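So the structure is just underneath, and the comments pick up after that.
What follows draws every value from the coordinates through simple rules; no lab data is involved. Quick caveat, the model's predicted, so the values are computed rather than measured. Every residue, glycine as well, gets a Cβ built from its backbone with ideal geometry; the counts of neighbours run over all protein chains shown.
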Amino acid sequence: MNDTPGWASPGSSPSEGQGSDVPRPAEPSDAPGAASKWSKEQPPAGQWSPPTGPARPGPTPPHAPAPNWGGGQYQGGWGRPPAAKPGVIPLRPLGVGEILDGAVSTLRAHWRTVLGITLTVSVITQIGDILVQRYLVPVPPRLSADPTPQEALKQSVESLKASLISLGPTTLITLIGTFVTTALLTMVISRAVLGRPVTLADAWREARPRLPQLLGLTLLLPLLSAVLMTVGLVPGLLLGGPGGALLAALGGVAAAVVILWLLVRFSLSYAALMLERQGVMASLRRSAKLVQGAWWRIFGVLTLTMLLMFLISMIIAIPFTLIAFAVDGNGLGGLFTGSAPEFGWPFLIITGIGSVIAASITYPISSGVSVLLYIDQRIRREALDLDLARAAGVPGYGSPSPGDTTPRS
């Protein structure tokens, strides 16, 4: 098992032909002196605490050894013994709160590295976005107060055209920022799970070989979504008239549902690609395999995370937006008159600062939730917690495989 940030496949990660439901070991090692996680004095599997009730008659050893539960120092209490926690999460199936807490704990424990990544990417992408808004986005068309049907149609087409022109470069900049932060933060979070320190240079060195495949995956999913939405809308648009509008609306809703289902199904593909060193299509199949049977749970966690990130962004952005309106006279005048304001450099710079601060906080949390969901699913399906505990050097879980040469800190 490789305990570097790309702990790739613990032991040998089940990929395509291997089973995903790997049973946890239940037999003690018979090798003399071998470090075994299970003790022969232990109760049977599934019995977490010693049986209660009147003891049977018979001799009792004067000093019976306390069972060793999973390598910890659990001394015969009630209930399930605590899980090992070498890093930001306990090594067991995680709850929603623990996933969110693990993402925040990564930001807190490795704040220099995390903020170094997110601040750099956010500043560069925000500068690009400001330049796009200033020089490439066309001025919104002036709308007539009482247009004729022909004028209303023309205004709608012009507004849609302006929106698409502004949306294209902004979406591309956002994809580039997501691509870079996903690559680097995945490496940071994988180290944080093992309780290892990580620098920006370490994260870059581990992520660099996977960047071409990650770029392909980052572009493939939005392209697939655009194709599906086009397929849903085109029949109605070609038909035209009220019937065509209704068909386009139904096709758009159906396409949106399919896109949502696919995005959740492939939501773990980024972590699989980076940490298991798989190709683009193999990582998509891997994600689908891990998500199978847990679609609604993963959808709920991702939706909750998006809502939290939206609230955090709004809390940070609203004060900066109000300040920008107050500083930029044209923008403030447009706000009160109800007309379309013409934003100047002060407005763009001040709102850009707010966006940078918001992205620096939300990027690592959203990336952390995605990676920790992947780890959680592998713990539930493949007993990854045992391999991670060995990689982190937790007592009682055995030693890492002989090929591991990464120095422990």
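Working out 0.36 nm times the residue gap between LEU224 and LEU307, then minus their Cα-Cα distance, what length gain in nm do you get to one decimal?
Additional length available on full extension: 27.5 nm.
Could you check the spin-label model distance between MET281 and ILE318? Points 7 Å from the Cα along Cα→Cβ, value in nm.
Here the answer is 4.9 nm between the modelled labels.
Which percent of Cα pairs goes in each bin when the distances of the range 157-306 are cut into 10 angstrom slices starting at zero?
Values per bin, smallest distances first: 10, 29, 33, 18, 7, 2, 0.
How much FRET efficiency would the formula 1/(1 + (r/R0)^6) give for THR199 and ALA254, where r is the Cβ-Cβ distance and R0 is 35 Å, rounded to 0.05?
For R0 = 35 Å, the calculated efficiency reads 0.15.
Per residue of the range 267-278, in order, report the coupling 6.51 cos²θ - 1.76 cosθ + 1.60 (Karplus, θ = phi - 60°) as ³J(HN,Hα) in whole Hz, putting x for Gly and Pro.
Going residue by residue, I get 5, 9, 5, 5, 5, 4, 5, 6, 8, 9, 6, 9 Hz, with x marking Gly and Pro.
Take VAL231, VAL198, VAL114 and order them by how many other Cβ atoms sit within 10 Å, fewest up front.
VAL231, VAL198, VAL114
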